[in-house]
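What follows is a single structure, written as structure tokens, with notes after it.
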Amino acid sequence: MEKRTPAEDLLIGAHTSAAGGAHNALLEGQSIGATTVQLFTANQKQWQGKPLTEEGIERFKKTLVETGLREIMSHGGYLVNLGSPKEENRKKSQKGFREEVERCCDLGISYMNFHPGAALDESRETCLNWIVEGMLTVEDLLVDGETRLLLETTAGQGSSIGYTFEELAYIIERTKDRLPVGVCIDTCHIFAAGYDIRTPQAWHKTLMEFDRLIGLEYLYAFHLNDSMKEFGSRRDRHAPLGEGEIGIESFKYLMTSDLTREIPKYLETPGGPPLWDKEIWMLREFARGARQT
């Protein structure tokens, strides 16, 4: 049987702060016992990101080697909506999306996670097609790069795209031959969207549905969050692990199942570094207590 990665080497981290430079997100990750992190490469609430400097890029790469962190993930900006019905906003979003991918490529970041978009006042199929069109505008950047685009599952608030596996499958089917793509499952989001993950049996059923529609080979990462809101609420409200409607058994499963144990995991729970330090330790303890095969 395939040898399991030791618990201390599993890729577990959090969305850490890049204030003062992207390298600081790596240092904060190291301080909480993380082996990977997610970060913003620019202000997520502004259209115009601050350009990276050669010095900043080199410092990030040097710190990455020094900390030993791996498979770093960027989170795309919140203003970008590749499926916007307004051409001006769509072009603006494509520009912001491209700049984010360029920063990821410059830094050697493994994954660029982003929210697919929102349909607003057009049909969902039209929005999906615009998202595909927008993603394909960065094809030239990713031909020889290290970065993979990850569609984040959404909670289904408002007109957001990506809260069903069918919608994610639609995008992946139309981009997979031209782009390195995948999915990041946010546990709070899919629970709010109506996918039950509260028990091992429920998780297995959900993952089999993902495999049927998308393929487990496209599952590259998890955002770990409990949910303040009830199952199927379509509302995105994160809670500390085990303190929400999902419950701790869900996260035990993720750290012990052969289907999910080795996949990188990034905490976005409220509470910041003091809580993440404890949650990372707890997740590793779940992995250590698992049956060894």
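Please treat every number below as a calculation from the coordinates, not as lab data. Small disclaimer: the values here were computed from a predicted structure and weren't measured. Cβ placement follows ideal geometry from the backbone for every residue including glycine, while neighbour counts extend to all protein chains displayed.
For segment 135-232, the relative contact order is 31 percent, taking Cα pairs closer than 8 Å that sit 6 or more residues apart in sequence and dividing their mean separation by the residue count. Which of the aspartates and glutamates could a cross-linker span from Lys3 if the Cα-Cα distance has to be under 12 Å and same-chain partners fewer than 8 positions apart are dropped? The qualifying aspartates and glutamates are Asp258, Glu262. Of the residues Ile263, Tyr220, Ala25, the one whose Cα sits farthest toward the positive end of the charge dipole of the chain, with +1 on the Cβ of Lys and Arg and -1 on the Cβ of Asp and Glu, is Ala25. Measuring nothing but how far apart in sequence close Cα pairs (under 8 Å, 6+ apart) lie, relative to its length, the chain scores a relative contact order of 18 percent. Neighbour counting of Cβ atoms within 10 Å sorts the residues Phe60, Phe286, fewest neighbours leading, into Phe286, Phe60. Counted residue by residue at 0.36 nm each, then reduced by the alpha carbon distance between them, the extension gain from Leu136 to Ser257 reaches 40.1 nm.
Which lysines does Lys95 reach when only Cα atoms under 30 Å apart count, and residues fewer than 8 places away in its own chain are ignored? Answer for Lys95, where 30 Å is the Cα cut-off: Lys45, Lys50, Lys61, Lys62, Lys86, Lys176, Lys265, listed by chain and number. Summing charges over neighbours of Lys61, with a neighbour being any other residue whose Cβ is under 15 Å away from its Cβ, gives -3 when K and R count +1 and D and E count -1.
For the pair Glu209 and Asp277, what calculated FRET efficiency results from E = 1/(1 + (r/R0)^6), where r is the Cβ-Cβ distance and R0 = 30 Å, to the nearest 0.05? It comes out at approximately 0.30.
Summed over qualifying helices (DSSP H, 4 residues or more, each -39500 (n - 2.57)) and divided by its residue number, the chain shows a 222 nm mean residue ellipticity of -12500 deg cm²/dmol. Taking the Cα centre of the chain as origin and assigning +1 to Lys and Arg Cβ atoms and -1 to Asp and Glu Cβ atoms, the resulting dipole is close to 340 debye. If the segment from Glu55 to Gln201 were pulled out straight at 0.36 nm per residue, it would be longer than the present Cα-Cα gap by 47.6 nm.
Rounded to the nearest Hz, the phi-derived 3J(HN,Hα) couplings of segment 248-259 under the Karplus curve 6.51 cos²θ - 1.76 cosθ + 1.60 (θ = phi - 60°) are 5, 4, 4, 7, 4, 4, 4, 8, 10, 6, 4, 6, where x marks glycine and proline. Here the residues Met282, Met73, ranked from fewest to most Cβ neighbours within 10 Å of their Cβ, fall in the order Met282, Met73.
Cα gyration tensor of segment 21-65, axes a ≥ b ≥ c as square roots of the eigenvalues: rounded (a/c below 1.5), prolate (a/b > b/c) or oblate? Oblate shape, in that a/c is at least 1.5 and b/c is the bigger or equal ratio. Net charge of the neighbourhood of Pro270, taken over other residues with C-beta under 12 Å away and scored Lys/Arg +1, Asp/Glu -1, is -3. Can you bin the chain into rounded, prolate or oblate? Criterion: square roots of the alpha carbon gyration tensor eigenvalues sorted a ≥ b ≥ c, rounded for a/c under 1.5, prolate for a/b above b/c, oblate for the rest. Judged from the Cα gyration tensor, the chain comes out oblate (a/c at least 1.5, b/c at or above a/b). For Val181, Val37, Val65, the sequence from fewest to most other C-beta atoms within 10 Å is Val65, Val181, Val37. DSSP bridge analysis restricted to the chain gives an antiparallel fraction near 15%, rounded to the nearest 5.
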